[in-house]
Amino acid sequence: MNAHPWDTVDHLHAWLDSATGVPPEQDLLLRMLKLSEEVGEVSRAVIGATGQNPRKGVTHSWQDVEAELCDVIVTAMVALRTLTPDAGAVFDGHLHRIAERSAGTGS
């Protein structure tokens, strides 16, 4: 895929907006809640990859965990895009502040 990630997020956002049947305020809340669902899928995959459920044993691979983590990231990006059309700039600014803090140059 050659598209910039935020172009893909804009496409996903538009696709979801065209398919929703709920008011915008409710749609916003549901997209935020979708993050919890995706994080739960990461947890299930980690438990499955480590075989921590003795009844089920090993049910997932670490590649499954990777895929679920990617789903969390994409879902968060779409949620951010739902809040603001400037999601890419908001994210870049936030990432820059985190980088500064980790380098000891920020407050």
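The values are calculated or read from the model by the stated rules, or taken from the named source; none is laboratory data. Values in this document were obtained by computation on a predicted structure and should not be read as measured data. Neighbour counts are summed over all protein chains in view; Cβ atoms, including those assigned to glycine, are modelled from backbone coordinates with ideal geometry.
Structure summary
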quantity: Residue in the range 58-78 that is at pLDDT 95 or above, farther than 28 Å from LEU95 by Cβ and among the hydrophobic types (A, V, I, L, M, F, W, C) present; calculated: yes
quantity: The range 68-100, subset in a helix (DSSP H, G or I) and of a type in the set (D, E, K, R), residue surrounded by the most Cβ atoms within 10 Å (Cβ to Cβ); calculated: ARG81
quantity: Test for ALA103: is it surrounded by 16 or more Cβ atoms within 10 Å (Cβ to Cβ) and not charged (D, E, K, R); calculated: no
quantity: Selected residue [closer than 27 Å to HIS94 by Cβ, without any contact (Cβ under 8 Å) to a residue 40 or more places away in the chain and in contact with a helix residue (DSSP H, G or I) (Cβ under 8 Å, 6 or more places away or on another chain)] from VAL9, VAL22, VAL42; calculated: VAL42
quantity: Answer residue from the range 1-54, given it is polar (S, T, N, Q) and closer than 22 Å to ALA87 by Cα and is surrounded by the fewest Cβ atoms within 10 Å (Cβ to Cβ) among those; calculated: ASN2
quantity: Neighbours by Cβ (under 6 Å, 6+ apart or cross-chain): first from the range 71-92, within 14 Å of SER36 (Cα to Cα); second in a helix (DSSP H, G or I) and of a type in the set (Asp, Glu); calculated: ASP71/GLU38; VAL72/GLU38; THR75/GLU38
quantity: Inter-residue pairs, beta-carbon under 7 Å, first in contact (Cβ under 8 Å) with a residue 12 or more places away in the chain and in the range 25-39, second exposed (fewer than 15 other Cβ atoms within 10 Å of the Cβ), 6+ apart; calculated: ASP27/THR20
quantity: Within the range 81-104, tally of residues that are under 16 Å from the mean Cα position of the chain (by Cα) and either within 20 Å of ARG31 (Cα to Cα) or not charged (D, E, K, R) (or both); calculated: 10
quantity: Residue count, the range 3-27 (criterion: outside any helix (DSSP H, G or I) and not β-branched (Val, Ile, Thr)); calculated: 4
quantity: Hey, VAL65 assigned to a loop (DSSP other than H, G, I, E, B) and either surrounded by 11 or more Cβ atoms within 10 Å (Cβ to Cβ) or among the basic types (Lys, Arg) (or both) or not; calculated: no
